Protein chains: 2
Amino acid sequence: MARTSNREKILTEGLRVVHERGFANASVRDIVQAAGVPQGSFTNHFASKEAFGLEIIDLYDAAGRALGARTLLNEALPPLQRLHAWLQAGRESMAACSMRNGCLLGNFAADACEQSGSIRRRVLAAFSELQASVACCLRAAVAAGEIDAQLDCDDVAGFIVASLQGANLLAKVTGEAAPLDRFERLLFERILPAPRSS
Amino acid sequence: MARTSNREKILTEGLRVVHERGFANASVRDIVQAAGVPQGSFTNHFASKEAFGLEIIDLYDAAGRALGARTLLNEALPPLQRLHAWLQAGRESMAACSMRNGCLLGNFAADACEQSGSIRRRVLAAFSELQASVACCLRAAVAAGEIDAQLDCDDVAGFIVASLQGANLLAKVTGEAAPLDRFERLLFERILPAPRSS
């Protein structure tokens, strides 16, 4: 049976602790305690807390990209159904912690960007890639005749990524899914126009 | 000439420091250094860092309410012009720090809500009041025939408050006003429907 290395334990448990408490609020001591490893193990494996932060963003982003591949970019589903599936999965992951944790990328954006240019650039790269996946899904919806061909897919994808961050933030503050439900409803009712011919 | 009390200095300079760095990242030492007062002065005036946090949210929120009175609730202006004026003022205040600081309420929401139920409730109250002011402006726009009478003003006001937080967050990460411009454009083009009779 494969042994989980201290490095892996620090990353997995550290991601959980940072997601729950915020990067600035989670001390290295909190992280090693959660991982059940000695404090020296952290400094053996990570040059700094910032270096650790960049690695947990990578981990979180890899999960986000895997979700994007199963939903937004999944050509086995009709395009708008992919978008619904992606939003649904996001809502479920928010609900799994009673909305409390929010999106790790958004938390880093609010909390740690000013402290670290590397973290800001890493978060920006993740948002940009997500926006590209949403735009790809919207272009597929245009090609399939599900939404109007005049839609500026990149522009609306940027709007979706940003607005969803806002909905996550309000869900976190209110502890309710209503902001997420409202975003999805208004997105499909108002932002994504039906084809003109229909 | 009125003398600025240490308490006022801590609040004014502390608000600035917390807005720049985030609540968790700003230590009491950073705050008293910026205020130019002895560390003991902080503990004389505030029972805890959380109590100080609640007071700077009050200060920030009072400025936000004053802005709302000059824009969203200003009956001297046509309703949709009030909404534009409010968004414009928000964009200018974001631009004054090259987008870096974001919205203090949003930063607290991402950063400190899980640490403090009092802060979460205070931030939620501020968002709720803001949503009520936006809804009031939208109802005036309906009454003035500027937007469709079928609009659910409370629902759309909730969407506006949330989405604007997301746009602020993306402006902060990108360092650009584009997410704010995009939000305002799509809001007026797609979310707020023209009256059916026009």
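The values are calculated or read from the model by the stated rules, or taken from the named source; none is laboratory data. Fair warning: this is a prediction, and the values are worked out from it, not measured in the lab. In this analysis, Cβ positions are derived from the backbone assuming ideal geometry, glycine residues included, and neighbour counts consider all displayed protein chains.
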Exercise. Assess whether A:S116 counts as being in contact (Cβ under 8 Å) with a residue 40 or more places away in the chain, farther than 19 Å from A:E92 by Cβ and surrounded by 15 or more Cβ atoms within 10 Å (Cβ to Cβ).
Key: yes
Quiz item: What are the residues in region A:131-155 that are surrounded by fewer than 20 Cβ atoms within 10 Å (Cβ to Cβ) and either of a type in the set (V, I, T) or outside the structural domain of A:S98 (by TED's automatic domain parsing) (or both), if any?
Solution: A:V142
Quiz prompt | Number of positions in region B:147-180 that are more than 7 Å from chain A (Cβ to nearest Cβ), charged (D, E, K, R) and in contact (Cβ under 8 Å) with a residue 60 or more places away in the chain | solution = 1
Quiz item: Looking at region B:52-66, is at least one residue more than 14 Å from the chain's Cα centre (by Cα), hydroxyl-bearing (S, T, Y) and either at pLDDT 95 or above or not assigned by TED's automatic domain parsing to the domain that holds B:E146 (or both)?
Solution: no
Quiz prompt | Unmet requirement for B:R3, which otherwise passes all of (1) away from chain A (no Cβ under 14 Å); (2) not in a loop (DSSP other than H, G, I, E, B) | solution = (2)
Exercise. Look at B:R121 and say whether it is surrounded by fewer than 17 Cβ atoms within 10 Å (Cβ to Cβ), at the interface with chain A (Cβ under 10 Å from one of its Cβ atoms) and within 17 Å of the chain's Cα centre (by Cα).
Key: yes
Exercise. Give A:V32, A:V18, A:V37 a once-over and let me know the one that is among the β-branched types (V, I, T) and not in a helix (DSSP H, G or I).
Key: A:V37
Self-check item: Residue list for region A:104-118, restricted to those being in a loop (DSSP other than H, G, I, E, B) and either modelled with pLDDT of 95 or more or facing chain B (nearest Cβ under 7 Å) (or both)
Solution: A:C113, A:E114, A:Q115
Self-check item: Residues (closer than 17 Å to A:A171 by Cα and of a type in the set (K, R)) located in region A:80-124
Solution: A:R91, A:R100
Quiz prompt | Qualifying residue in region A:85-101 (condition: within 11 Å of chain B (Cβ to nearest Cβ) and either buried (at least 20 other Cβ atoms within 10 Å of the Cβ) or touching a strand residue (DSSP E or B) at 6+ places or on another chain (Cβ under 8 Å) (or both)) | solution = yes
Quiz item: Can A:E75 be described as among the acidic types (D, E), farther than 27 Å from B:H19 by Cα and part of a helix (DSSP H, G or I)?
Solution: no
Exercise. Just one of (1) over 14 Å from the mean Cα position of the chain (by Cα); (2) buried (at least 20 other Cβ atoms within 10 Å of the Cβ) trips up B:A177, so point out which.
Key: (2)
Quiz item: Since B:A35 meets every condition but one in (1) in contact (Cβ under 8 Å) with a residue 12 or more places away in the chain; (2) within 14 Å of another protein chain (Cβ to nearest Cβ); (3) on the phi < 0 side of the Ramachandran plot, which condition does it not meet?
Solution: (2)
Quiz item: Regarding B:F108, is this residue within 30 Å of B:K49 (Cβ to Cβ) and buried (at least 17 other Cβ atoms within 10 Å of the Cβ)?
Solution: yes
Quiz item: Among B:L72, B:L59, B:L67, which is the only one that is of a type outside the set (V, I, T) and either within 10 Å of another protein chain (Cβ to nearest Cβ) or touching a Cys at 6+ places or on another chain (Cβ under 9 Å) (or both)?
Solution: B:L72
